[in-house]
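K.L.:
Please read through the structure below; I'll follow up with questions.
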Amino acid sequence: MGRMSHNSFGHLFRVTTFGESHGPAIGCVVDGCPPGLQIEEASIQADLDRRRPGTSAFVTQRRESDTARILSGVFEGRTTGTPIAVLIENTDARSKDYAEIADCYRPGHADYTYDAKYGLRDHRGGGRASARETASRVAAGAIARLVLGPAIVIRGALIAMGGDRIDDAAWDWAQTEVNSFFCPDAAAAQRWAAKLEATRKAGSSVGGIVAVSAEGVPAGWGAPIYGKLDAEIAAALMSINAVKGVEIGAGFAAADLSGEDNADEMRAGPDGPIFLSNQAGGVLGGISTGQSIIARLAVKPTSSILTARRTITRDGRDTEIRTKGRHDPCVAIRAVPVAEAMLACVLADAKLRHRAQIG
């Protein structure tokens, strides 16, 4: 199947997103969703509300309701098997915030590379390169969760911010639902609140690390060599704005382990093997093991900061730039529900492809 559009991903569960940061709307078309699944706009809305801007003092204050409208592919509350189109209108775009940067390239942004590729760019909020686009992915992820069913639980958490990592021993998933950071460690969330408030007041930004997991995935999903499940997960997570690193299971730390410590030992269980550890992150040879699938992604600091930075203009003059507008002091926070959505989309595709090949 051709993948040349660059705005679509997936094989049997295929997602195309459209729209720009300051255009009239953004959205997605999900093709290949099986018929008969119960769906309503509220089930998509719940996920969108988790990444919505303006929800706390620690994210961009752009006010978007992110109201999802299903335009097709659903009849009497059930999927029909035809393409599902979801529309999310932009209601609080302030293009005037970006007038000064129309002819300047913001360091760390895609301004220069879009211009180098296309010969023109939408300077309003970064256009298609904006993290605004990720709302479309979250809508698609909500549909993917329906394909996967309730037995597969996908969760994400922010485990480090600005170099301050959580205490793994204090991990409590319930905490991710009650603080502003999707943080599983209550003490870390308190530290981060103070740190991020100071960062925001200084007009600066920090990065973070997101962990995402899927429990309940059966053994056998994914394909060897060029269709590896972990490769597709890594590509999907790396496609999220501002992500500069992805690891599966032990990830880079595996390079420091001995062979004895890295290989997950097995014992016979009532329903197949019981693994004694999960350094592999739930994938061996590109195929799921039945263990929890675990990935982590490194998110760079938001490039939009108030500090003056050296740059050039479109016509090649040296200048300085300060990025005004409303931005996330730590974009990694809102990357959590996006990472969950991308993992859900990859797994929904893997489920349908496995069923198609194996039956």
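K.L.:
Could you check the stretch 165-186 and list, in sequence order, the residues that are open to solvent by less than 40 Å² (accessible area, probe 1.4 Å) and in contact with a helix residue (DSSP H, G or I) (Cβ under 6 Å, 6 or more places away or on another chain)?
P.N.:
166, 179, 181, 182, 183, 184, 185
K.L.:
If you don't mind, there's one more thing I want to ask. Within the stretch 98-136, how many residues are assigned to a helix (DSSP H, G or I), over 25 Å from residue 52 (Cβ atoms), modelled with pLDDT of 90 or more and of a type outside the set (Ser, Thr, Tyr)?
P.N.:
Of the residues in that region, 4 qualify.
K.L.:
Taking the stretch 30-42 as the search range and keeping residues that are within 21 Å of residue 66 (Cβ to Cβ) and open to solvent by 50 Å² or more (accessible area, probe 1.4 Å), which one is farthest from the chain's Cα centre (by Cα)?
P.N.:
The selected residue is 40.
A quick yes/no check of all residues on (1) of a type outside the set (Ser, Thr, Tyr); (2) without any contact (Cβ under 8 Å) to a residue 40 or more places away in the chain; (3) open to solvent by 60 Å² or more (accessible area, probe 1.4 Å); (4) within 23 Å of residue 44 (Cα to Cα):
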position: 110; (1), (2), (3), (4): yes, yes, no, no
position: 131; (1), (2), (3), (4): yes, no, no, yes
position: 135; (1), (2), (3), (4): yes, no, no, yes
position: 160; (1), (2), (3), (4): yes, no, no, no
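K.L.:
Do we have residue 350 as of a type in the set (A, V, I, L, M), over 27 Å from residue 29 (Cβ atoms) and surrounded by 13 or more Cβ atoms within 10 Å (Cβ to Cβ) here?
P.N.:
In short, no.
K.L.:
Please verify whether the stretch 245-257 includes one or more residues that are part of a helix (DSSP H, G or I), touching a Cys at 6+ places or on another chain (Cβ under 9 Å), closer than 26 Å to residue 341 by Cα and touching a residue at least 24 places away in the same chain (Cβ under 8 Å).
P.N.:
no
K.L.:
What single numbered condition from (1) of a type outside the set (Ser, Thr, Tyr); (2) closer than 25 Å to residue 108 by Cα; (3) modelled with pLDDT under 95; (4) open to solvent by 50 Å² or more (accessible area, probe 1.4 Å) fails to hold for residue 244?
P.N.:
Among (1) of a type outside the set (Ser, Thr, Tyr); (2) closer than 25 Å to residue 108 by Cα; (3) modelled with pLDDT under 95; (4) open to solvent by 50 Å² or more (accessible area, probe 1.4 Å), residue 244 violates only (3).
K.L.:
Only one of these is under 20 Å from the mean Cα position of the chain (by Cα), within 30 Å of residue 38 (Cα to Cα) and among the hydrophobic types (A, V, I, L, M, F, W, C): 219, 157. Name it.
P.N.:
On inspection, the qualifying residue turns out to be 157.
K.L.:
For residue 189, indicate whether it is assigned to a helix (DSSP H, G or I) and surrounded by 14 or more Cβ atoms within 10 Å (Cβ to Cβ).
P.N.:
Here the answer is yes, as residue 189 does meet what is asked.
K.L.:
What number of residues in the stretch 78-89 are out of contact with any Asp or Glu (no Cβ under 7 Å at 6 or more places or on another chain) and part of a loop (DSSP other than H, G, I, E, B)?
P.N.:
Adding up the residues that qualify gives 3.
K.L.:
Only one of 164, 115 is over 23 Å from the mean Cα position of the chain (by Cα) and in contact (Cβ under 8 Å) with a residue 24 or more places away in the chain; which?
P.N.:
115
K.L.:
Which numbered condition trips up residue 199, out of (1) under 30 Å from residue 12 (Cβ atoms); (2) open to solvent by less than 30 Å² (accessible area, probe 1.4 Å)?
P.N.:
(1)
The values are calculated or read from the model by the stated rules, or taken from the named source; none is laboratory data. Note that the structure is a prediction, hence the values are computed from the model and not measured. All Cβ positions, even for glycine, are placed from backbone atoms using ideal geometry, and neighbour counts span all protein chains on display. Just so you know, the surface numbers come from the protein's heavy atoms only, side chains and all, with ligands and any DNA or RNA stripped out. Shrake-Rupley method; radii C 1.70, N 1.55, O 1.52, S 1.80 Å.
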